[in-house]
Amino acid sequence: MHKITLPANSLMLSKDFVYGVATSSFQIEGDRKGRLDCIWDTFCSQPGTIEDGSNGDIACKHVEYYLQDVELISSLGVDAYRLSISWPRVMNEDGSVNELGMRFYINLVDVLLQRKMKVFVTLYHWDLPQHLEDKGGWLNRDTAYAFQRYAAAVANALGDKVHAYATLNEPFCSAYLGYETGIHAPGKTGVGNGRKAAHHLLLAHGLALQELRQLCPNSQHGIVLNFSTCHANTDTEQDKQAAKWADEYHNQWYLKPLMDACYPSVIEKLSNEERPDILEGDMEIISQPIDYLGINFYTRTVYEANEKNWFNVVPPVDTPLTAMGWEITPDAFTELLVDLHNEYTLPPIYITENGAAMNDELIDGEVKDDDRTEYFHTHLNAVNEAIEQGVDIKGYFAWSLMDNFEWALGYSKRFGIVHVDYETQKRTIKQSGNAYAELVKSRINRYISGIK
Ligand code: GCO
């Protein structure tokens, strides 16, 4: 598998379909001295939190190498780059703008525009300033208002040079992994904490959206959610119900408030103490219209009922897995997109992340990652299938541009279509990166030959 191909009549072969690559600030930037501490710095400094004991101090040194990295992105021929802003790099503790930090992003956006790329900016990809966490972080309602002020500062600095803003990336991860299970920063636990954090994140989204709309009326505004389809382990009613609860708890909890201004019915299973404090007007703020929905997809999950009438994850058996131990399930991707389309009246969709960690080997200057190329091939075809079934999908971003800091797994997992040697910071385009670039370029050729 050296190529990624799509059916000859695919809309994804028209030049209107946006192809991009994605990264996030903490995962690639390094240059910790240039910003305030964030919750991931603190989390990484606690023993036992990160598999390889690493942190984001250096990462891919992107702050130092951003010009070279933009050249690299441009060499792939993609239309768009999705990046995130580090809140603690652009805002001082007193709420004023850190001009030097903001300058970095202004320069970055400007060179991307010179390279004719569309810029997709995410405001929150999990790097909450530590001083806000010290006051309760996402458990504190005030954090949502601090986020609103930060969003306004970025909107003032970057304006409509940004094609699309996303308020949050994967609030599920921030809330559930960060405040409920504690495997991500800040490492808090408890159902009540997770649910309250989620509500404040969604409120922050709505408050920021008001600023973005007003300050950048010509940009697109949305949010990025992650989904893993929920499947019952057996055909029993109990397992089917377990999969439904899981879907509501992990997926719909974040989408239904945006679309229908309410939480899914699973909220009734929670005690009063576990439920978020929803103040009057919150759900209206949260459910303002968005211009697009960003969807991140990696894998499906199988559930069974447990004795508490709740759900347990059933680990995969005998199915192909990525290096994350995640099942490779392109059909679930189509199913997800078609199901969401049938259930809600959605705005246009961008696939803002999709990709795989694989056990790459750099041999003689090459990474022959056929398995990752195959993953992209099957998943891009799954997107194509959803489009054929009527889902409005405008673009696709590969996660990730380059190998980077994979959160609690440190540098042990590689998601890049570009290999990074962390000793030398040398970047090498993997075979999958070349295959992706070829797909993107073949599309342009096809368009030109089409109008001849
Ligand atoms: C994610 C994150 C990425 C991860 C990727 C792989 O949105 O979960 O955006 O930061 O690296 O998903 O786990």
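The values are calculated or read from the model by the stated rules, or taken from the named source; none is laboratory data. For clarity, every value in this text was computed on a predicted model and none was experimentally measured. For neighbour counting, all protein chains shown are included, and Cβ atoms are generated from backbone atoms with ideal geometry for every residue, glycine included.
With the condition kept exactly as written, say whether any residue in segment 163-177 is assigned to a loop (DSSP other than H, G, I, E, B) and either within 22 Å of the chain's Cα centre (by Cα) or within 16 Å of the ligand (Cβ to nearest atom) (or both).
Taking every residue of segment 163-177 in turn, at least one turns out to be assigned to a loop (DSSP other than H, G, I, E, B) and either within 22 Å of the chain's Cα centre (by Cα) or within 16 Å of the ligand (Cβ to nearest atom) (or both).
Would you mind finding the one in G187, G206 that is assigned to a loop (DSSP other than H, G, I, E, B) and more than 16 Å from the ligand (Cβ to nearest atom)?
None of the other options fit; the residue is G187.
Please name all residue pairs, on different chains or six or more residues apart, with Cβ atoms under 7 Å, provided the first residue is in segment 65-79 and is surrounded by fewer than 19 Cβ atoms within 10 Å (Cβ to Cβ) and in a helix (DSSP H, G or I) and the second residue is modelled with pLDDT of 95 or more and polar (S, T, N, Q).
Every condition considered, the pairs that remain are Y65/Q425.
In segment 1-33, which residues are in a helix (DSSP H, G or I) and either within 16 Å of the ligand (Cβ to nearest atom) or on the phi > 0 side of the Ramachandran plot (or both)?
The answer is S25, F26, Q27, I28.
Determine which member of the set Y298, Y344, Y396 is among the hydroxyl-bearing types (S, T, Y) and either at positive phi or more than 16 Å from the ligand (Cβ to nearest atom) (or both).
One residue alone meets the criteria, Y344.
Kindly indicate whether any position in segment 326-341 is surrounded by fewer than 16 Cβ atoms within 10 Å (Cβ to Cβ), within 18 Å of the chain's Cα centre (by Cα) and within 14 Å of the ligand (Cβ to nearest atom).
Looking for residues that are surrounded by fewer than 16 Cβ atoms within 10 Å (Cβ to Cβ), within 18 Å of the chain's Cα centre (by Cα) and within 14 Å of the ligand (Cβ to nearest atom), one finds none in segment 326-341, hence no.
Does segment 378-399 hold any residues that are within 17 Å of L11 (Cβ to Cβ), assigned to a helix (DSSP H, G or I) and touching a residue at least 40 places away in the same chain (Cβ under 8 Å), and which are they?
Within segment 378-399, H379, L380, N381, A382, V383, N384, E385, A386, I387 meet the criteria.
Would you say L321 is over 20 Å from the mean Cα position of the chain (by Cα), within 16 Å of the ligand (Cβ to nearest atom) and of a type outside the set (F, W, Y)?
Here the answer is yes, as L321 does meet what is asked.
Within segment 275-310, how many residues are farther than 26 Å from L139 by Cβ and part of a loop (DSSP other than H, G, I, E, B)?
8
Quickly run through segment 128-165 and pick out the residues that are touching a helix residue (DSSP H, G or I) at 6+ places or on another chain (Cβ under 9 Å), more than 15 Å from K188 (Cβ to Cβ) and of a type in the set (A, V, I, L, M).
If the condition is that a residue be touching a helix residue (DSSP H, G or I) at 6+ places or on another chain (Cβ under 9 Å), more than 15 Å from K188 (Cβ to Cβ) and of a type in the set (A, V, I, L, M), then A144, A146, A151, A152, A153, V154, A155, A157, L158, V162 are the ones that fit.
Please enumerate the residues belonging to segment 347-379 that are over 18 Å from the mean Cα position of the chain (by Cα) and of a type in the set (A, V, I, L, M).
M358, L362, I363, V367
Give segment 118-137 a look and list any residue that's more than 13 Å from the ligand (Cβ to nearest atom) and of a type in the set (V, I, T), or say none.
V119, V121
With more than 16 Å from the ligand (Cβ to nearest atom), at positive phi, surrounded by fewer than 24 Cβ atoms within 10 Å (Cβ to Cβ) and outside any loop (DSSP other than H, G, I, E, B) as the only criterion, which of G159, G95, G192 stands out?
Matching residue, one of G159, G95, G192: G159.
Condition test on R89, is it more than 16 Å from the ligand (Cβ to nearest atom), exposed (fewer than 15 other Cβ atoms within 10 Å of the Cβ) and among the basic types (K, R)?
When the stated conditions are applied, R89 does not pass them.
Assess whether T373 counts as being away from the ligand (no atom under 14 Å from the Cβ), of a type in the set (V, I, T) and either buried (at least 19 other Cβ atoms within 10 Å of the Cβ) or not in a loop (DSSP other than H, G, I, E, B) (or both).
yes
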